[in-house]
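In what follows, a single structure is set out as C-alpha cells and then discussed.
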Amino acid sequence: MTADRNQNSSETTGGAGQDGDRTTIALVTGANKGIGYEIAAGLGALGWSVGVGARDEERREAAVRKLRADGVDAFGVPLDVTDDESAAAAARLIEERAGRLDVLVNNAGVTGAAQQMPTTVALDTVRTAVETNVLGVIRVTNALLPLLRRSAAPRIVNMSSTVGSLTRQTTPGAETGPISVAYAASKSFLNAVTVQYAKELRDTDILINAGCPGFCATDLNGFRGVRTPQQGAAIAIRLASLPDDGPTGGFYDDEGVVPW
C-alpha cells in the first residue's frame, strides 16, 4: 500500500519536521552503535536534534559524547524497547525537552540464537525476536505517537530487512540467507505491522515506511556483512526526511521498492 500524498506541504525543502525555524527532533532506538549510531549521525548532520535511544547507560552516553564531538546536537534517551515503563519514560523525557517529536526511527533489533530451523528452534528464541523486533516497535511507536501528532511533518521509519520479504523468500534461487524462523519471520511480521499502521494513519500527516539497510557489517552478524553501517543508514535517513507528498506504507532499500 504505497501512496503518494499531496498535502499542504511546507515551502521548506528539508522535509520532515520543518516548521518555520524549529529544529527537527528525532529519536533513534538502538542508536549507541552500528547502523543506529550512523542513522543518528546522519540525521544530526542535517542539523537535527537527535535522541540516542539505548538501554546501556555507558554505551549510550559514550555515543552521545562522540556525536557531540562531531557537531551533532545529540541527547541520551534511556530506552529498553521491551519494557512498557521505559517507553513511557522516554516519551516523558522528550516531551519535557522539546514538547513534540518529528521523527521516530525504530532501529533496535536482535537476530536471536544462531540455530533457527523451524523444527528444532527453541520457542524462547522466537519470542525474543518478536518481543524486540515487532512488539518493541509497536510499544515505542504508540508511546511516542502523541508527540509525533504535534509535529508539522511526522515521520516513522521501521528498520526491516529484505529477508522479511515473503516474495523473495518464495522466489526460487533468490538469496535470502539461512533458514530463520525467528529473525526473518519477525521482519515479515514487522512489515505487516508497518502496513497496518499506514492504513490507520493514512488520513493524518504521519508517513510510516519500512527500510532495509542491506547486509551490513555489525555485531549482529559477527561483522560478516558486505556493507558499512554508514551505507546501511542511508535508507533510514532518506525515509526520515521525506517531503510531505512522500510515500507511506512502503518497503524500500537503496535501489527502490522492495517486494513484500
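The values are calculated or read from the model by the stated rules, or taken from the named source; none is laboratory data. None of these values were measured; they are calculated from a predicted model. No Cβ is skipped: glycine too gets one built from the backbone with ideal geometry, and neighbour counts run over all protein chains shown. Accessible surface areas use protein heavy atoms only, side chains included; no ligands, DNA or RNA. Shrake-Rupley method; radii C 1.70, N 1.55, O 1.52, S 1.80 Å.
A few notes on this one:
- In degrees, nearest ten, helix 57-69 long axis to first principal axis of the chain (Cα): 50
- Portion, in percent, of the accessible area of region 150-191 that falls on carbon or sulfur, probe 1.4 Å: 61
- Region 21-113, accessible surface, carbon-and-sulfur percent (1.4 angstrom probe): 43
- By the rule of a C-alpha distance below 19 Å, with chain neighbours fewer than 8 residues away ignored, the lysines paired with LYS187 are LYS199.
- Here the Karplus curve 6.51 cos²θ - 1.76 cosθ + 1.60, taken at θ = phi - 60°, turns the phi angles of region 133-145 into couplings of 6, 10, 5, x, 5, 4, 4, 5, 4, 5, 5, 8, 4 Hz, with x standing for Gly and Pro.
- Sequence-distant contacts, meaning Cα pairs under 8 Å at least 6 residues apart, place the relative contact order of the chain at 24 percent.
- Assigned charges on the beta-carbon of Lys, Arg, Asp, Glu; the chain dipole about Cα centre (debye): 260
- With kT/(6 pi eta Rh) evaluated at 37 °C and eta = 0.692 mPa s, and Rh the Kirkwood radius from Cα pairs, region 49-92 diffuses with a coefficient of 310 µm²/s according to Stokes-Einstein.
- Solvent-accessible surface of the chain, averaged per residue with a 1.4 angstrom probe and all protein chains in place: 46 square angstrom.
- By the compact-protein rule of thumb, 2.2 N^0.38 Å, the alpha-carbon radius of gyration of region 89-158 corresponds to a ratio of 1.42.
- What the Cα convex hull of the chain gives, in volume per residue, is 121 Å³.
- Partners of LYS66 within straight-line reach, counting lysines whose Cα lies under 18 Å from its Cα and excluding those fewer than 8 residues away in the same chain: LYS33.
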